[in-house]
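Step one of this worksheet: look at the structure below.
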Amino acid sequence: MTTARYNRIVLKLSGEALSGNEGYGISPKIIQSIADQIKEVVELGVEVAVVVGGGNIWRGKVGSEMGMDRATADYMGMLATVMNSLALQDGLETIGIETRVQTSIEMRQVAEPYIRRRAIRHLEKKRVVIFAAGTGNPYFSTDTTAALRAAEIEAEVILMAKNNVDGVYTADPKLDKDATKYDSLSYMDMISEGLGVMDATASSLCMDNDIPLIVFSITEEGNIKKVVQGETIGTTIRGK
């Protein structure tokens with residue numbers, strides 16, 4: 001199969017996915033691997049937007065638990081996502097893929113401010129757009145950012161790439177050897193069973209806007225392309 005099933009996607013990457021086995025920081029090897037996989041998708045003619053987390057550098061929740069003001073801790077987390085986004089942009093442009101980083105918090109010296117129409121125009125020109133700094137508001141996760149941006153740019157699907165699991169399971173497969181993987185399920189089932197794939201705000205946004213979510217492993221080379229081409233890997237979550 002050489003054609004793409006989707007025309008416009010949002011790829012959600014966790015910050016941890018960028019750190020590789022180190023668990024902290026940014027791995028140049030991983031950045032280049034992800035950039036190469038994104039290039040494969042762009043060459044299929046797919047319009048690609050990316051949302052990157054910041055957990056490999058800083059987690060607002062951890063700062064809050066340490067006694068830091070929650071809003072301050074979350075803003076620090078947003079800055080971590082900008083660092084990751086710039087690293088991914090550099091990796092993509094090194095291999096000839098035009099890329100724009102748009103931030104929800106203005107920092108014009110390093111990135112464009114997020115403007116919905118400009119983002120869509122970049123996508124139409126086949127540039128990869130990376131949405132950084134979350135929603136620009138504390139108390140909201142980058143999962144919620146992915147759901148919100150997907151709705152705004154009318155993406156057909158959110159691809160949630162994981163580095164430590166290949167789909168959604170009935171329980172943590174690392175802790176429960178009897179855990180089984182779902183091939184598909186609904187957002188309502190995901191929420192009611194407390195599966196923890198994404199937070200309730202993000203799940204509700206996806207469900208209300210009928211945006212499917214595919215959870216899969218990014219550690220296997222070529223998986224992003226496989227998902228975009230419609231191969232059945234990982235777990236698909238839909239509104240019904």
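What follows is calculated from the coordinates using simple rules that are stated; it is not laboratory data. All of these numbers come straight from a predicted model, not from anything done at the bench. So basically every Cβ, Gly included, is an ideal-geometry build from the backbone, and we count neighbours across all protein chains shown.
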Given +1 on the Cβ of Lys and Arg, -1 on the Cβ of Asp and Glu, and no further charges, what dipole in debye does the chain carry about its Cα centre, rounded to the nearest 20? 580
Evaluate E = 1/(1 + (r/R0)^6) for Thr170 and Glu231, where r is the Cβ-Cβ distance and R0 equals 22 Å; express this FRET efficiency to the nearest 0.05. 0.45
Which of these, Thr103, Thr142, Thr180, has the largest mean-square fluctuation under a Gaussian network model of the chain (Cα springs below 10 Å)? Thr180
As a footprinting exposure proxy, order Ile97, Ile224, Ile120 by other Cβ within 10 Å, with the fewest listed first. Ile120, Ile97, Ile224
How much length is gained on full extension from Met107 to Asp178, taking 0.36 nm per residue of separation minus their Cα-Cα distance? 20.8 nm
Read-out Cα extents along the principal axes in Å, candidates (1) 56, 40, 32; (2) 59, 55, 43; (3) 51, 50, 36; calculated match is (3)
Considering only DSSP beta bridges whose two residues both sit in region 155-240, what percent are antiparallel, to the nearest 5? 40
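For Arg70 and Asp199, what does the FRET efficiency come to when R0 = 22 Å and r is the distance between their Cβ atoms, rounded to the nearest 0.05?
Computed FRET efficiency for Arg70 and Asp199 comes out at 0.90.
Can you pull a Stokes-Einstein diffusion coefficient for region 78-147 at 37 °C (0.692 mPa s), Rh from Kirkwood over Cα pairs, as a whole number of µm²/s?
Numbers: Rh = 12.2 Å.
Approximately 268 µm²/s, per Stokes-Einstein.
So how much slack lies between Ile95 and Tyr139, counting 0.36 nm per residue of separation and subtracting their Cα-Cα distance, in nm?
Working: separation 44, 0.36 × 44 = 15.84 nm, distance 3.55 nm.
That pair, Ile95 and Tyr139, stretches by 12.3 nm at full extension.
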Comparing Lys225, Lys125, Lys177 in a Gaussian network model of the chain (Cα, 10 Å), the one with the largest mean-square fluctuation is Lys177
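Using 0.36 nm per residue of separation minus the Cα-Cα distance, give me the extension gain between Met188 and Glu221 in nm, one decimal. Let's see the in-between values first.
Details: separation 33, 0.36 × 33 = 11.88 nm, distance 3.13 nm.
Stretched out fully, the Met188 to Glu221 stretch lengthens by 8.7 nm.
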Residues of region 106-134 with amide N under 20 Å of the 7 Å Cα→Cβ point at Glu43: 125-129
Taking the dipole of the chain about the Cα centre (Lys, Arg +1; Asp, Glu -1; charges at Cβ), the one of Ile34, Pro173, Thr236 that reaches farthest to the positive side is Ile34
Checked against a 21 Å limit on the C-alpha separation, the offending pairs among Lys61/Lys181; Lys39/Lys162; Lys174/Lys225 are Lys61/Lys181; Lys174/Lys225
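Could you tell me which GluC sites (Glu not before Pro) in region 1-93 are loop residues by DSSP with no more than 14 other beta carbons within 10 angstrom of their beta carbon?
Glu43
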Using +1 at the C-beta of Lys and Arg and -1 at the C-beta of Asp and Glu, which of Ile115, Tyr75, Val227 has the Cα lying farthest in the positive direction of the dipole of the chain? Ile115
Among Ser104, Ser14, Ser186, whose mean-square fluctuation peaks in a Gaussian network model of the chain (Cα, cutoff 10 Å)? Ser186
